[in-house]
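Presented below is the structure to which this report refers.
The values are calculated or read from the model by the stated rules, or taken from the named source; none is laboratory data. This structure is a prediction, so every number in the text was calculated from the model and none was measured. Cβ atoms come from the backbone with ideal geometry, glycine included; neighbour counts cover every protein chain shown.
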């Protein structure tokens, strides 16, 4: 039985207890199931009462709560008509309680909130607005975890769980099911706002499950149906739900076997329901992904079960949940909890600003003043002066060639204009600035007119909305505040209005511009003008801006309330907030950091990254990390800048070398090929292709001659006879494994014992050739590989590969019977030169010397996560690649996919923002390309410990060299970083940890070694030169 204690009522727009008014449907209905949470209810209900969206109803479902929570609910319903209490006479479970509330909802949109959680003050208003503006069926917000001690943090992987902030059509369904429930923020129901039309379409499917008592993972049941039918999905960032962790919550069952068994039963019922629904819809592919999700949950709960059940019972429960689950093979996999591992403290600055706008924390100002530039409007530059550099080409045309750069001329002209201002004028205008330029340089009126126009148009062209600033503007308007824009700026009001219009800022109540008001902020004069024109007292105004001195200190001195919204670029450059800007510092030993990090393209890249990740100036960030463990930040800034530089280098080389067909070798070339395709213009005639090529599939060619066996590219110490025969299966006798094992052990080679000495490895290879080698199978494998590559690599084609020794390229040349030029990121500096000469293939390298960090981490970030090619086979007169059975695991797949998605997004953003400007043209310079790669090399070499957590339990496959398919990436990176630091230390480097373009002197000839020291480590060069001169005096 369900009873309702009050009716729908409209409420007045006040922030006290709502007034009762006539019945009308609300914009949003929020359903709050309540059971056993009396202690936490006040925080939950207060967060609803103070929501910025006033046109809402709150449906409180008392699911027969045994702790007296009903009295708390009744009091809120008595005092605020937006709260309605719905009562279950007996406990029916969380799923049914949500359904009861949803059935009673009247809003256009629907949301759910658990009664022991609470919501940020502006989430529902902002989410509904996003849904309305974009016709979204679902809007997902952030999740902030709160521990019982009050600590609040975010899980960066959860924040990045959806790659796109907007999904349409089948992409909504595909994105949801492809993730296979590995990151639960995507499928939890309580961090979403749902269009009620979508809910009503889904509701009939829920009816059978609503009759059962379901608590655990009920979100999955709801979400499977919702995402299946949703046609529009939006991601709102910066607001959301505070998830409060409690040992007594429904997910906690340690020490309570009965509760644990109930949880298992619930999960089994939910997955059975979801599977049946998808079966009815004929969604076979989604069912496959659901099965993966079921197995994932079985793994996760089997690990948790150890605290509440014995082994036989765990086996029984998991078998009921997932029949395909094997407790021995599938349980206790470390990547199961990878998605929850990295955690970053949450910062409350933006929430405090929103609460201040709403007058919730003791200050209620009727007037909200907002700064304009860097508060409401952003430009994609590290500093505003960078915009002037983009006008250099137009300046040279207008001034008919001038030795003075426009940025210098423009900056000096503004300084002079300010110095020459009469006492009666407070701020400069564009006219003042360009008049000073005429006096300084003697340029013509036409030139000044053209450049004035160009600068105004550039400001409009490059401006972008600062999302959080526009959100604050809209929040203030929605709260009934008078909103005034207050700006110190030389631009004219018409240009600024055009910029504001482009950024979606409309409907302000006042606009005070320094050069029109003849008053500035820094001395309080513009703030005094504001209060005088509005006829309000200073303490009735809250000013928000990005400058601590001008927007906060000066405003407070003028009697206003003021809060800081930090400028994105300031946060990016602040080492007390993040180490992102420091990546690559010192990587070019012998060059000053200032010079190395100064190219305009890199500054623009930093501007893009700052605006993307610190649009909210209080976004999670820590001083001991570069990326705060966000895969998106690693991908966008570090990998993205390098990817852009590498793609531009490759296009420039192909243009210069006349290459018409460029073949990217898998798996290293997949991401770069996409970047090249994004940047390719009509001037680039090269066509691209992508084919598999790995040490494994090229082994038949790498071992074509008996002398090649000694150079087999493996680390013999990790190999066993068993692993060796698996590696050489293409040329091993076709016999049962038991027979091969018997022969090996009879010859004195224990089957699973690693080779302790190289001589033992060599002895085994001789034994293999004498007893187990099948030359016919080897020849067949060689012929298949040759047929494949002869077709894919005709004369005139060139390759891209990550690089190193040149062995693979030599094998390709051998198979195709002609030289195949190759483009590498870098070569090893030893074998590559020898093999290039022996097989006559040209080698072109992005880096002239091996970087300090290479191998696993570089390849993981840049390579496709598809399964590796292990050979070729003939099918119907065609030769096709054969791939390994498994690719990367779920965690590794997600990490690489997320990083690479955002890296490509950076390339798109940079291209779209700076196309046709000198910024893009500058990327043709090798020096700029190198500088753009500094953040990437810095991330490889200097990855902070907090960010390295992303690599924990991430496997890296290297079956040929290392003989392993699950090397721990974090361990590999740490080991290689230590080796690089040691090598740098032995070189006498003062800043060993920050070395990028390094080289190992012992592996380099005298001439190259001398050049290397001279270019990249001049201090060591001077020391060695002094020592040599001391040994050999004149």
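Observations, loosely collected:
- Qualifying position, being at pLDDT 95 or above and either within 30 Å of residue 354 (Cβ to Cβ) or not in a helix (DSSP H, G or I) (or both), among 460, 443: 460
- Residue satisfying condition, being at pLDDT 95 or above and either closer than 25 Å to residue 351 by Cα or touching a strand residue (DSSP E or B) at 6+ places or on another chain (Cβ under 7 Å) (or both), within set 18, 26, 71, 97: 97
- Summed over the stretch 77-120, the residues that are farther than 15 Å from residue 200 by Cβ and assigned to a loop (DSSP other than H, G, I, E, B) give a count of 14.
- Test: residue in the stretch 189-196 that is touching a residue at least 12 places away in the same chain (Cβ under 8 Å) and surrounded by fewer than 17 Cβ atoms within 10 Å (Cβ to Cβ): no
- Residue check for residue 552: surrounded by fewer than 22 Cβ atoms within 10 Å (Cβ to Cβ) and in a helix (DSSP H, G or I): yes
- Residue count for the stretch 528-549 satisfying the condition of being within 42 Å of the chain's Cα centre (by Cα), surrounded by 14 or more Cβ atoms within 10 Å (Cβ to Cβ) and touching a residue at least 60 places away in the same chain (Cβ under 8 Å): 9.
- Residues in the stretch 415-433 that are assigned to a helix (DSSP H, G or I) and more than 15 Å from residue 492 (Cα to Cα): 415, 416, 417, 418, 419.
- Residues of the stretch 120-162 that turn out to be under 26 Å from residue 231 (Cβ atoms) and under 21 Å from the mean Cα position of the chain (by Cα), as a count: 10
- Check on residue 920, under 22 Å from residue 598 (Cβ atoms) and more than 19 Å from the chain's Cα centre (by Cα): yes
- Conditions (1) part of a loop (DSSP other than H, G, I, E, B); (2) under 17 Å from residue 666 (Cβ atoms); (3) touching a strand residue (DSSP E or B) at 6+ places or on another chain (Cβ under 7 Å); number of the one not met by residue 847: (2)
- Counting only helices (runs of 4 or more DSSP H) that sit wholly inside the stretch 224-324, those with at least 1 residues that are modelled with pLDDT under 85 and within 29 Å of residue 39 (Cβ to Cβ) are 257-281, 284-305.
- In a residue-by-residue description of the stretch 395-414, the property of being outside any helix (DSSP H, G or I), under 28 Å from the mean Cα position of the chain (by Cα) and at negative phi applies to no position.
- Matching residues, the stretch 160-185, being assigned to a helix (DSSP H, G or I) and at pLDDT 95 or above: 170, 171, 172, 173, 174, 175, 176, 177
- Scanning the stretch 755-790 for residues that are outside any helix (DSSP H, G or I) and either at positive phi or under 44 Å from the mean Cα position of the chain (by Cα) (or both) yields a total of 2.
- In a residue-by-residue description of the stretch 474-484, the property of being surrounded by fewer than 20 Cβ atoms within 10 Å (Cβ to Cβ), free of Cβ contacts under 8 Å to residues at least 40 places away in the same chain and not in a strand (DSSP E or B) applies to at least one position.
- The residues of the stretch 65-90 that are surrounded by fewer than 16 Cβ atoms within 10 Å (Cβ to Cβ) and touching a residue at least 12 places away in the same chain (Cβ under 8 Å), listed by number, are 66, 67, 68, 79, 89, 90.
- Residues in the stretch 623-661 that are in contact with a strand residue (DSSP E or B) (Cβ under 7 Å, 6 or more places away or on another chain), outside any helix (DSSP H, G or I) and surrounded by fewer than 24 Cβ atoms within 10 Å (Cβ to Cβ): 659, 660, 661.
Residue-wise test of (1) within 40 Å of the chain's Cα centre (by Cα); (2) at negative phi; (3) surrounded by fewer than 19 Cβ atoms within 10 Å (Cβ to Cβ); (4) not in a helix (DSSP H, G or I).
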residue: 701; (1), (2), (3), (4): yes, yes, no, no
residue: 707; (1), (2), (3), (4): no, yes, yes, no
residue: 710; (1), (2), (3), (4): no, yes, yes, no
residue: 713; (1), (2), (3), (4): yes, yes, yes, yes
residue: 717; (1), (2), (3), (4): yes, yes, yes, no
residue: 724; (1), (2), (3), (4): yes, yes, no, no
residue: 730; (1), (2), (3), (4): no, yes, no, no
residue: 735; (1), (2), (3), (4): no, yes, yes, yes
residue: 741; (1), (2), (3), (4): no, yes, yes, no
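- For the stretch 931-946, filtering for residues that are assigned to a helix (DSSP H, G or I) and touching a helix residue (DSSP H, G or I) at 6+ places or on another chain (Cβ under 7 Å) leaves 9.
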